[in-house]
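Structure first, commentary second.
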Amino acid sequence: MKQIWITRPGGPEVLELREAEDPRPGAGEALVTVHAVGVNFADIVARRGQYRDAPPLPLVPGYEVSGVVAQTGPRSADATAGAPGPAVGDRVVAATRFGGYATQVVVPAAQIWPLPEELSFGEGAALFVNYLTAYLALFIAGGLRQGGRVLVHSAAGGVGLAALQLARTAEAEVYASASPDKHRYLKELGVSGIFDSRAPRYAKIVSALTAGRGVDLVLDPRGGSSLRQAKRCLAPLGRIVAYGISSAWGPGPALPALLRLLATTPFFHPFALMNANQGIHGLNLARLWGEIERLREIMARIMELVKAGRIRPVIAQVFPFEEAASAHRYLQERRNIGKVVLAVR
Ligand SMILES: NC(=O)c1ccc[n+]([C@@H]2O[C@H](COP(=O)([O-])OP(=O)(O)OC[C@H]3O[C@@H](n4cnc5c(N)ncnc54)[C@H](OP(=O)(O)O)[C@@H]3O)[C@@H](O)[C@H]2O)c1
C-alpha cells in the first residue's frame, strides 16, 4: 500500500509518498481499501510540528477516510451481541487516529460507519471530523436552542459549513465571519449577517448586525484576542465554544505567533462569568476517542440527517492522493469553501 508521511516539520514539501506493507486486521478490526481521505486543518498543524496531540514525527497524518471493507478480523469478544459489524464489500466511513493518508487502513469496528448511499466517497471523507465537531460545538457544548442566534467563525470552511447546515436544522439565526471572497457564497446560504474573519474588533460589528441583542453562542476556532471579542458578543446566558487557535497559524514563524496568542488570550474569572450569566466551553475531538460510544450516538444522528437530505458535505476541491502537498497549500492559503479531499485511484 501507499502512505503519505510527514517526514520532518516544515512546509507542504516535507510530505512524502512511501510504500508500506499491506496491513492486516486483528480481532474486532476491518481492513478498508481507501477511496478518499479527508484533509483537516490539524494535518497542517501536525506537518508544521506544532500539534500537541500528534505522535512524534515522522508520522502518517489523517483522521478520516471513506472506502470499501476488504477484509474483517475475527469478531472481538467485547463486540455487542447481535450488532452487525462492517462486512466485506460495505461502503464505509472510517475514523483513523492518524494514519489516514493511506491507500489501506486497519480500523476498529467501533470507528466505522456505513457510508449513506446518497453520498460519494469524497463526501463520505468529509463527515466525521467536520460534522462531529460542529454538532458537539453547537448542541452539546454550546447548548444551542431552537431558533437561537449563533456566530460561526471561518464559516465557509469544513467545520464552518457543517455548523451552518446543522444550525439550520435548529432554525437558528446564523451570523458568520469569513474571508471576503467567500461572502457571496455564504449570503446565498441565507446567513443573517457576515463580516471579514480578519476583523480584529468584531464585537461592534456583531452588535450592529444583531441590533444590540448579541448572540447566544459563538463558535471560536481562532483563540487569542478573538475570545475577548466573542465574550462581548454574547447575549445573557450566552456561551463561547473554543475549539482552535487558528489565529496563531499564519504564514510567518510559529513561535512569535504563539507567544502573541498567549499574550492576547484573556482569562475569564468564574465570578465575572457568573455575574454576566455567560459560559465558555472548550472542545477537542482528538481527546474524545475514549468516548467512542457517545460519538457513535452523535454520528447516528448525523447519518439520519444526511439520509433525510437535511445536511450534505460541501467539497471545496478534490486532489489526487499523490498531490497531498497541493491540498495542504490550498487549505493553508485559506482558499477553500468546504472540505478538501484526497482521492485514491
Ligand atoms: N477542537 C477540535 O476538535 C477541532 C476539530 C476540527 C477542527 N478544529 C479547528 O477548526 C478550525 C477549522 O478546521 P477545518 O479543518 O474545518 O479547516 P477549514 O475551516 O476548512 O479551513 C481553514 C479555514 O480557516 C480560516 N483560517 C483562519 N486562520 C487561518 C490560518 N492561519 N491559516 C489558514 N486558514 C485560516 C480560513 O477561512 P477564512 O479565510 O474564511 O477565515 C480557512 O479557509 C481549525 O482551527 C481547526 O483547528 C478543531
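Where in the chain is the longest stretch that carries no chymotrypsin sites (Phe, Trp or Tyr not before Pro) classed as loop by DSSP and with at most 16 other Cβ atoms within 10 Å?
The longest uninterrupted stretch comes out as 1-266.
How much of the calculated P(r) for the range 1-132 lies past 26 Å, in percent of all Cα pairs? Don't skip to the end; give the middle numbers.
Values: 1952 of 8646 pairs.
Taking all Cα-Cα pairs of the range 1-132, the fraction more than 26 Å apart is 23 percent.
Within the range 1-72, list the trypsin sites (Lys or Arg not before Pro) lying in a DSSP loop whose Cβ has at most 14 other Cβ atoms in a 10 Å radius.
Passing sites in the range 1-72 are Arg52.
For the chain, taking Cα atoms only, what is the radius of gyration to one decimal and the Dmax to the nearest whole Å?
In order Rg, Dmax, the Cα atoms of the chain give 20.1, 60 Å.
Which angle from 0 to 90°, rounded to the nearest 10, does the C-alpha axis of helix 158-169 make with the longest principal axis of the chain?
For 158-169 against the chain, the angle is about 70 degrees.
Where Lys and Arg each count +1 and Asp and Glu each count -1, what net charge lies around Leu115 among other residues with Cβ under 12 Å from its Cβ?
That works out to -3.
Net charge near Gly238: determine it from the other residues with C-beta under 11 Å of the C-beta of Gly238, scoring Lys and Arg +1 and Asp and Glu -1. Mind dumping the intermediate values first?
Numbers: positive: Arg149, Arg213, Lys231, Arg232, Arg239; negative: Asp216.
For residues surrounding Gly238, the net value is +4.
Counting other Cβ atoms within 10 Å of each Cβ, which GluC sites (Glu not before Pro) in the range 21-99 have at most 15 and sit in a DSSP loop? Could you put the intermediate results ahead of the total?
Values: sites: Glu21, Glu29, Glu64; in loops: Glu21.
Hits after loop and neighbour filter: Glu21.
Around Val344, under 11 Å between beta carbons, what's the net of Lys plus Arg minus Asp minus Glu among the other residues?
My count for the surroundings of Val344 gives +1.
So who's got an amide H within less than 5 Å of the one on Ile315, skipping anything under 5 residues away but keeping other chains? H placed 1.01 Å off N, in plane.
Excluding prolines and chain starts, which carry no amide H, the hits are Lys339.
Which of these, His269, His35, His328, has the largest mean-square fluctuation under a Gaussian network model of the chain (Cα springs below 10 Å)?
His269
Which loop-located GluC sites (Glu not before Pro) does the range 147-234 contain, where loop means any DSSP state but H, G, I, E or B and the Cβ has at most 14 other Cβ atoms within 10 Å?
Glu171
Tell me, what ³J(HN,Hα) does each residue in the range 247-254 have, in order and in whole Hz, if you take phi through Karplus 6.51 cos²θ - 1.76 cosθ + 1.60 with θ = phi - 60° and put x for Gly and Pro?
Whole-Hz 3J(HN,Hα) from phi for the range 247-254: 5, 8, 9, x, x, x, x, 6.
Compare Gly38, Gly157, Gly49 in a GNM of the chain, Cα atoms joined below 10 Å, and give the one with the largest fluctuation.
Highest fluctuation among the options: Gly49.
Taking just the alpha carbons, could you work out the radius of gyration and Dmax for the range 43-192, both in angstroms?
Over the range 43-192's Cα set, Rg and Dmax evaluate to 18.1, 53 Å.
Using 0.36 nm per residue, how much length does the chain from Arg301 to Arg48 gain when fully extended, once their Cα-Cα distance is taken away?
Taking Arg301 through Arg48 to full extension adds about 87.6 nm, to one decimal.
For Gly193, which sequence-distant residues (separation of 5 or more, or a different chain) have an amide H within less than 5 Å of its own amide H, given hydrogens modelled in the peptide plane?
Amide H neighbours of Gly193, under 5 Å, 5+ apart: Ala176.
Once each part is reduced to its C-alpha centroid, what is the distance from the range 168-184 to the range 122-149 in angstrom?
With the range 168-184 and the range 122-149 each reduced to a Cα centre, they are spaced 14 Å.
Taken together, the values in this text are just the output of simple stated rules run on the coordinates, not laboratory data. Just so it is clear, the model here is predicted, and its values are computed rather than measured. Neighbour counts run over all protein chains shown; Cβ positions are idealised from the backbone, glycine included.
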